[in-house]
Each structure stands twice: as structure tokens, then as C-alpha cells.
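Chemist: Mind looking over this structure? Questions follow.
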Amino acid sequence: AATEAALKDVGPIDLLVNNAACTKLQPFLEVTADQFDLLFNVNVKAVLHVSQMVAGGMKTRGSGGSIVNVSSQASQRALRDHTVYCSTKGALDMLTKVMALELGPHQIRVNSVNPTVVMTKMGRLGWSDPEKAQTMKSRIPLGRFAEEEDVVNSILFLLSEKSSMINGVALPVDGGHLAC
């Protein structure tokens, strides 16, 4: 209800970036129902809900638009202790494809960006152990984690008319990690 109230008075929205996410590192055998629900609510359900409201307005106006969901390379590559996070990002990638399929006829494009570790507050927290970080960096051909700007530039491209024929894509922003 709070989300609906907040979006009600914003006015027409033609571009949407779904960028909320959270994680809790837990080994598979220690995953709790509370953490499962929290991560799926924030990482998947919120995207569905906000996108329904915004895309509904785009469809009603007949204006088309572009939606970019911020996913993760963790949707395609398992990470130890990231059981639920990886699962939510896999679900988000499939949600992106279904949205692209159903909204495309209304000229609403839906894509995701799938970065490697990004040096946000959450990224620094999850990868602060130098040994753990080096193990991950060694699997990235460019040898570094992404900066916020790397992801922002990819999002701006997908929102722009320069990507007018791109729909339903999960764009890796991972320095080549998924190529290995």
C-alpha cells in the first residue's frame, strides 16, 4: 500500500530501474525461513509489484518504455553461502524474460544487468575478507570487481533508444567472469 501511495502522485513514468536488493550469507543447511522470505520479498516480489504499477501506466498511456532490473552474475553461477541470494537473482532473470515477452507488444522493453561484485556498501560488506575477495577476483579476467559507475553506464544504455531492439536480455557486467 505504501508503494502504491508513493507512486500514485509521481506522474507518468517511462523509465524504471529496479535496484533494491538485500542478502544474508548463510550456508545451504543453515538457511532460515525468515531470511528466505525477506530476500524473496525484497529481491523479487518488490520488483514484480513496482513493475506492475509502472508498466500498467505505460500500457495505458501507449507510450512504451524501458525497465531495467538489477540482477547479478549470481543468477548464473553458484556462490558458496549465497543459497537464497543466488535463487532470488535466478528468479529475477526469469521474471525479466516473462515481462519482456508480455510487455514487448506494448513497446515496453525489459532487461536486466547482471554485475559481478560491485563496490557498494553491500559489496564491501560481503567481500571484505581479502582471501575471499582474491579468490573471486582471480576468476574475473579483468581482475577487479565492478564499480557503481560500470553498472550505471550499462543501465543507462539499456534505458536509452540506443538499445531499442534489446529486450529480455540479462547483460553481464562481470569483467568476463561468466565467460570462464
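The values are calculated or read from the model by the stated rules, or taken from the named source; none is laboratory data. Just so it is clear, the structure is predicted and the values come from calculations on it, not from any experiment. Neighbour counts are summed over all protein chains in view; Cβ atoms, including those assigned to glycine, are modelled from backbone coordinates with ideal geometry.
Chemist: Of E30, E131, which residue is farther than 30 Å from A1 by Cα, at pLDDT 95 or above and among the charged types (D, E, K, R)?
Modeler: Result: E30 is the single residue among E30, E131 that is farther than 30 Å from A1 by Cα, at pLDDT 95 or above and among the charged types (D, E, K, R).
Chemist: Let me ask something else about it. With respect to A46, determine if the residue is under 18 Å from the mean Cα position of the chain (by Cα) and touching a residue at least 60 places away in the same chain (Cβ under 8 Å).
Modeler: no
Chemist: Filter the stretch 1-35 for residues that are under 19 Å from the mean Cα position of the chain (by Cα) and among the small types (G, A, S); which is nearest to A55 (Cα to Cα)?
Modeler: Among them, the one singled out is A20.
Chemist: Of the residues in the stretch 124-177, how many are closer than 20 Å to V68 by Cα and not in a loop (DSSP other than H, G, I, E, B)?
Modeler: 20
Chemist: If the Cβ limit is 6 Å and pairs must be 6+ apart or interchain, which residue in the stretch 85-114 that is under 15 Å from Q52 (Cα atoms) pairs with which residue that is assigned to a helix (DSSP H, G or I) and polar (S, T, N, Q)?
Modeler: Final answer for the pair search is V110/T96.
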